[in-house]
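Here's the structure, in structure tokens; my notes come after.
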Amino acid sequence: MLSRVADNLYWLGRYLARAENTARLISVHSHLLLDLPRGMTLGWSPLVDILGANHAFESLYADDSEAQVVRFLITDPENGSSIAASVGHAREILRTVRDSTPRDAWEQINALHLFLQEKGEKHLPRAHRQAGLDRVIDGILLLRGMLAANMTHDVGYHFLQVGLSLEQADMTTRIVDVRTVDLIRARTAEELRPFVQIQWMSVLRSLMAYQAYRRHEKIRVSGPAVLRFLLQNRDFPRSVMFCLNHIGRTLPNLPHNRASERSIDRIRALIQDANFERLLDQGLHEWIDEIQVGIGAVHESLAKSYFQVDSGTAPTQRQVAYS
């Protein structure tokens, strides 16, 4: 397979997972408003933090109000990680690899792209937002189903799956890292204490993991248990360990995979040995930073092995989508 086609399919997977997760984040964050009593305010800047787009946001907007953050994350063309931009990138990739993907997939991504271009701004206000986000989530899930059911499961499909899994692992760590701090704005730590469980529940719901968590853990929602489930569980598709294991099972189908396998093994070892009770007391942010650096190393090894990207060259637009 040409490295250009492999690169395109890998990034198709990443952009689809990015757009879906961003839509889910905004949806859950909007619903979290309903769980808070009067007098408690909800910060929107953590959503920008999750995508690592602080500098871009600050250069475009004067404040981090709900309206500004929502527009930045959904439709802003200046934000390379917005939902509209991610869907647009995915559409452009599908246009260039139409010989390798089902025709229905092109029609689906094109319809979703046109929806965001023509009606995205109309769905930014809170009264219409959920309908627009549901349209995005359902559209991406339908597209992923089309690709899984109708695309030949050859080398190209394997690169698509690696991209999906790596992006999901990255998004899961970002959501865990940012949504556990500074989410609800309170005057004192004591005032915030009754809402800690609500915060952890919002982390689960951001990843559609609440029902699966209750089924697997069979205990009340708590920080260490949520971290164990979202990072170590081997059966839940959005957990970091599941995603890494999926990549690990896929790599043997690709040539020249040893460097990528070693990078995957290093992250899995870090997660398997983690003591989340201790990390919550001190060092969770630094530990997750280490996991994210490891995920970046996996991307670099894949790029070097398959996409002919020299680590000494300037990063491409895709590589800097998260800044």
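Looking at the chain as a GNM with Cα springs under 10 Å, which of Leu34, Leu227, Leu160 has the largest mean-square fluctuation?
Of Leu34, Leu227, Leu160, the Gaussian network model singles out Leu34 as fluctuating most.
What percent does the relative contact order of segment 3-307 come to when contacts are Cα pairs within less than 8 Å and at least six residues apart? All intermediate terms of the calculation are to be shown ahead of the outcome.
Values: 367 pairs, mean separation 71.1, N = 305.
Relative contact order for segment 3-307 comes out at 23 percent.
Most fluctuating residue of Tyr213, Tyr306, Tyr61 in a GNM of the chain with Cα springs under 10 Å: which is it?
Checking each option, the largest mean-square fluctuation is seen for Tyr61.
List the GluC sites (Glu not before Pro) within segment 1-104 that fall in a DSSP loop (any state other than H, G, I, E or B) and whose Cβ has at most 14 other Cβ atoms within 10 Å. Mind dumping the intermediate values first?
Numbers: sites: Glu20, Glu58, Glu66, Glu78, Glu92; in loops: Glu78.
Answer by residue number: Glu78.
By how many nm would the segment from Gln197 to Leu42 lengthen if fully extended, with 0.36 nm per residue of separation less the alpha-carbon distance? Walk me through the intermediate numbers first.
On the way: separation 155, 0.36 × 155 = 55.80 nm, distance 1.52 nm.
Fully extending the segment from Gln197 to Leu42 adds 54.3 nm.
Taking R0 as 22 Å, what FRET efficiency do you get between Glu58 and Leu124 from their Cβ-Cβ distance, rounded to the nearest 0.05?
Details: r = 20 Å, r/R0 = 0.90.
Using R0 = 22 Å, I get an efficiency of 0.65.
How big is the C-alpha Rg of segment 245-299 next to the rule-of-thumb value 2.2 N^0.38 Å, as a ratio? Could the numbers behind the result be given before it?
On the way: Rg = 13.1 Å, N = 55, 2.2 N^0.38 = 10.1 Å.
Expressed relative to 2.2 N^0.38 Å, the Cα Rg reads 1.29.
Probe radius 1.4 Å, ligands and nucleic acids ignored: give me the carbon and sulfur share of the accessible area of the chain as a rounded percent.
50 percent
So if each residue of separation counts as 0.36 nm, and I subtract the Cα-Cα distance between Ser65 and Leu2, what length gain in nm does that give?
Working: separation 63, 0.36 × 63 = 22.68 nm, distance 4.50 nm.
Taking Ser65 through Leu2 to full extension adds about 18.2 nm, to one decimal.
Relative to the compact globular guide of 2.2 N^0.38 Å, what is the alpha carbon radius of gyration of segment 3-307, as a ratio?
Values: Rg = 19.2 Å, N = 305, 2.2 N^0.38 = 19.3 Å.
Output field value: 0.99.
Asp104 to Asn275: FRET efficiency via 1/(1 + (r/R0)^6), r the Cβ-Cβ distance, R0 35 Å, to the nearest 0.05?
Details: r = 47 Å, r/R0 = 1.34.
My answer for the efficiency is 0.15.
Ignoring ligands, DNA and RNA, what accessible area per residue does segment 3-307 give at 1.4 Å, in Å²?
Working: 13480 Å² over 305 residues.
Per-residue accessible area for segment 3-307 comes out at 44 Å².
How far apart, in nm, are two points set 7 Å out from the Cα along the Cα-to-Cβ line at Ala111 and at Arg95?
Going from the Ala111 label point to the Arg95 one covers 2.0 nm.
In nm, what is the difference between 0.36 nm times the number of residues separating Arg258 and Glu78 and their Cα-Cα distance? Kindly include the intermediate steps, with their values, before the conclusion.
Details: separation 180, 0.36 × 180 = 64.80 nm, distance 3.74 nm.
Working it through step by step, the gained length comes to 61.1 nm.
Give me the distance between the Cα centres of segment 249-298 and segment 132-176, rounded to whole Å.
20 Å
The values are calculated or read from the model by the stated rules, or taken from the named source; none is laboratory data. Note that this is a predicted model, so its numbers are computed, not measured. Every residue, glycine among them, receives a Cβ derived from its backbone with ideal geometry; neighbour counts consider all protein chains shown. Just so you know, the surface numbers come from the protein's heavy atoms only, side chains and all, with ligands and any DNA or RNA stripped out. Shrake-Rupley method; radii C 1.70, N 1.55, O 1.52, S 1.80 Å.
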